[in-house]
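Heads up, the thing below is written out as structure tokens.
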Amino acid sequence: MSSVFSFIKQQVPIVQEVGRYVRLRQAGSYLKGSCPFHKETDASFTVSPDKGIFYCFGCHATGDVLSFVAKVENLSPFEAAKQLIDSHGLKVPEELLRHAASGVKQSEEKASYFALHKCVAVWAHQQLRAHKHAYDYVLARGITDQMIDLFMIGFFPSGTRAINALLSLGMKENILAKDLMEAGVLYDSGKMQMHSPFEDRIVFPITDVLGRYCGFGGRVFVANDDRAKYYNSKESPFFVKGSLLFGYSVAKKTMQERKAVFLVEGYTDCVMMAQYGYTNVVATLGTACTKEHLQLLARSVEVVYVMYDGDKAGRKAMLRLANLCWQVDLELQVITLPNNLDPAAYLKQCHSLAEVLPQAQDIFTFFVSATAEEFAQKNLAEKMRIIEEVLEVIAKISDVVKRDVLLQQLSHAVSVPIAALRIKLQEQVSAFLNTEQSRMVAPVVSDVAIPGHEAVDAQLIAISLNSFLQNTPHHIPSDVVAMLPPRARLIHEHILREHKDHAGVSLIDAVLGCLSEEQRQWLTAALTFHAGQVNEQEFATLINKVVQQRWKEMVGQIRHDIAQASAEGNTEKVEELLSNFAQWKEQIQQKGHMLWQKK
């Protein structure tokens with residue numbers, strides 16, 4: 001056993017882990033499902049239980065169970081390994097842990113960052129109950145002690161005494177003043193004193209997807225405090241507001257169970273929703289909902305209920321969400337609260353969402369209805385802009401029936417004949433598809449794991465590796481190996497070398513461990529494309545295909561070179577090219593490959 005990674009991959013079945021995020025169904029020796037890494041309607045995502053790998057034919061994402069968890073949870077390989085060890089209760093041999101020490105050392109900066117924020121969160125949480133005016137304010141908002149503890153709600157007192165108390169606690173945890181300043185928790189005022197932007201604020205600790213403290217949201221609460229109502233930690237590689245959601249780690253289990261989540265705007269709204277039993281709730285960090293937010297939620301849920309707060313989240317916010325939701329595999333439902341109430345205020349009055357939840361509308365229907373309300377008051381130019389806006393959203397819906405229903409709703413709402421709207425919609429659909437095609441095609445040129453002209457080579461390499469796994473090795477003739485492109489040739493060399501010391505899935509791990517990221521993607525894709533066993537006759541036929549392809553390529557190149565030499569009047573070059581070509585053809589004929597035997 002060579003590493004902690006290999007140990008984990010042998011202990012954790014890839015199907016079991018992928019199945020937590022993707023609905024898989026059997027398809028021969030593989031399992032298939034919708035890719036969690038890109039928007040699609042076809043099940044192009046495949047998992048090979050025998051080889052312990054996954055591959056998407058759509059976006060070309062590929063790898064093993066560790067790389068899957070790292071990609072789907074946005075983690076480093078070491079973080080993914082730790083998550084799998086913890087979630088599966090694995091007991092890793094000591095020698096492997098020592099061997100991994102060098103890799104763990106690279107994560108020290110991140111670990112220190114999280115440790116610092118946990119220290120501050122715990123300290124601020126203790127300060128809340130120690131300062132009556134802050135504690136009374138939180139209770140007056142209707143928040144219970146249970147929720148205060150669940151969300152670790154805290155308070156950051158002002159004054160030198162409080163700063164010194166935090167510094168003293170930090171010293172015990174090997175956290176220095178400069179560390180707190182680098183994290184943005186403290187700053188030097190220039191008068192030999194330190195202050196904090198969180199002073200005299202109720203503090204809401206923010207955690208990442210693994211529940212690690214990574215930042216804070218601070219809210220003013222004193223009547224005459226004229227500072228900004230909310231203040232968030234400064235952005236860092238570990239605190240990116242556009243990809244973090246308050247309450248996510250608390251809500252994750254319930255989200256996975258109910259396959260639904262409530263999305264609100266404020267920290268207090270989130271806490272009060274959980275207090276009234278809606279524990280599958282998260283909040284954005286004072287920012288608009290992003291595609292990254294929705295992708296994060298799509299890992300656990302199928303439906304997102306957006307709490308529409310009339311006095312804050314206006315039509316523009318809904319328009320933005322409507323334009324985002326087609327990019328993720330999610331159903332977005334909008335809950336409209338009456339009288340411009342926010343969720344916290346509504347629940348304090350009604351104690352339940354029982355009346356408004358059944359009236360939730362899918363975001364497209366809501367968007368069309370909201371548009372109609374303001375349409376009549378607009379001039380002609382503005383009406384045309386609004387119609388274009390709505391049609392642009394409808395054009396992105398893949399379900400043609402749903403698209404037509406919404407078009408009929410729009411026609412009725414704005415009193416425009418549906419035939420005219422259909423013409424405009426078709427223009428929008430065409431424009432959207434053209435944009436998507438160019439967006440998807442551009443990266444494919446560089447990201448495709450196996451270029452089309454290497455497909456036969458990939459099949460040959462995959463079958464060669466499979467034959468070693470099945471202990472029925474098919475050996476590629478050395479002269480054919482020499483014809484392979486450099487990437488395939490290099491991978492074949494690694495297979496021949498590593499199979500002497502490894503067997504089964506460990507052989508795949510050993511070979512992949514020798515390759516660059518690009519080469520790993522190429523081989524993983526090859527293994528996914530070509531999994532079956534072949535007999536000697538089929539293997540010989542494949543060898544012949546490789547030779548035939550190289551022959552065609554060489555003939556094409558020879559013709560090009562001869563034409564160029566002739567155009568330049570270089571008869572010696574032409575004769576040399578013809579001579580080389582004749583020799584190469586004779587060598588192939590002497591080898592007796594099937595290509596020539598058929599002639």
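If I filter region 38-54 down to residues being modelled with pLDDT under 85 and not charged (D, E, K, R), which single residue comes out as surrounded by the fewest Cβ atoms within 10 Å (Cβ to Cβ)? Ranking the candidates gives Thr41 first.
Checking every residue in region 580-598 against the condition of being modelled with pLDDT under 75, in contact with a Phe, Trp or Tyr (Cβ under 8 Å, 6 or more places away or on another chain) and under 30 Å from Ala27 (Cβ atoms) gives zero matches. Among the residues examined, Asp457 does not qualify as assigned to a helix (DSSP H, G or I), acidic (Asp, Glu) and either loosely packed, with under 11 Cβ neighbours inside 10 Å or at pLDDT below 80 (or both). Can you find, within region 130-164, the residue that is nearest to Ser249 (Cα to Cα) among those that are in contact with a strand residue (DSSP E or B) (Cβ under 9 Å, 6 or more places away or on another chain) and either of a type in the set (A, V, I, L, M) or not assigned by TED's automatic domain parsing to the domain that holds His117 (or both)? That would be Met152. Of all residue pairs spaced 6 or more apart or on separate chains, those with beta-carbon atoms under 6 Å, a first member in region 164-187 that is among the acidic types (Asp, Glu) and a second member that is modelled with pLDDT of 95 or more and surrounded by 12 or more Cβ atoms within 10 Å (Cβ to Cβ) are Glu173/Cys119; Asp179/Leu116. Within region 5-33, if we keep just the residues that are surrounded by 15 or more Cβ atoms within 10 Å (Cβ to Cβ) and charged (D, E, K, R), the residue that is farthest from His88 (Cα to Cα) turns out to be Lys32. For region 86-111, filtered to residues that are part of a helix (DSSP H, G or I) and closer than 11 Å to Phe5 by Cβ, the residue that is modelled with the lowest pLDDT is Gly103.
Can you work out which of the residues in region 134-148 that are at negative phi and touching a residue at least 24 places away in the same chain (Cβ under 8 Å) is surrounded by the fewest Cβ atoms within 10 Å (Cβ to Cβ)? Among those residues, the one meeting the criterion is Gln146.
Do we find a residue being more than 30 Å from Ala395 (Cα to Cα), modelled with pLDDT of 75 or more and of a type in the set (D, E, K, R) anywhere in region 426-445? No. Filtering region 150-179 to residues that are small (Gly, Ala, Ser) and either modelled with pLDDT of 95 or more or assigned to a helix (DSSP H, G or I) (or both) leaves Gly154, Ala162, Ala165, Ser168, Gly170, Ala177.
Take the residues in region 41-56 that are in a loop (DSSP other than H, G, I, E, B) and free of Cβ contacts under 8 Å to residues at least 40 places away in the same chain; name whichever of them is farthest from Phe78 (Cα to Cα). By that ranking, first place goes to Asp42.
All of Gly215, Gly247, Gly266 fail the test of being under 20 Å from the mean Cα position of the chain (by Cα) and touching a residue at least 40 places away in the same chain (Cβ under 8 Å), apart from Gly247.
Just to verify a result, which residue in region 1-25, among those that are outside any helix (DSSP H, G or I) and of a type in the set (A, V, I, L, M, F, W, C), is farthest from Phe68 (Cα to Cα)?
To start, the set of residues in region 1-25 that are outside any helix (DSSP H, G or I) comprises 1-3, 12-13, 19-25.
Now drop any that are not of a type in the set (A, V, I, L, M, F, W, C), which leaves 1, 12, 22, 24.
Numbers: Met1: 21, Val12: 12, Val22: 11, Leu24: 15 Å.
Once the filter is applied, the top-ranked residue is Met1.
One residue stands out among those in region 339-390 that are in a helix (DSSP H, G or I), surrounded by 15 or more Cβ atoms within 10 Å (Cβ to Cβ) and touching a strand residue (DSSP E or B) at 6+ places or on another chain (Cβ under 8 Å): the one that is modelled with the lowest pLDDT, which is Ser369. The number of residues in region 335-364 that are out of contact with any Cys (no Cβ under 7 Å at 6 or more places or on another chain) and closer than 15 Å to Ala317 by Cα comes to 4. Among the residues of region 474-485, not a single one is within 27 Å of Pro77 (Cα to Cα) and either at pLDDT 75 or above or part of a helix (DSSP H, G or I) (or both). The lone criterion from (1) in a loop (DSSP other than H, G, I, E, B); (2) modelled with pLDDT of 85 or more left unmet by Lys71 is number (1). Considered as a group, the residues in region 275-294 that are of a type outside the set (Val, Ile, Thr) and crowded, with 22+ Cβ neighbours inside 10 Å include one that is nearest to the chain's Cα centre (by Cα), and that residue is His293. Of all residues in region 150-200, which are buried (at least 20 other Cβ atoms within 10 Å of the Cβ) and more than 21 Å from Lys132 (Cβ to Cβ)? Gly170, Ile175, Leu180, Ala183, Val185, Leu186 - these are the residues of region 150-200 that are buried (at least 20 other Cβ atoms within 10 Å of the Cβ) and more than 21 Å from Lys132 (Cβ to Cβ).
The values are calculated or read from the model by the stated rules, or taken from the named source; none is laboratory data. The model shown is predicted, which means the values in this text are computed figures rather than measured ones. For neighbour counting, all protein chains shown are included, and Cβ atoms are generated from backbone atoms with ideal geometry for every residue, glycine included.
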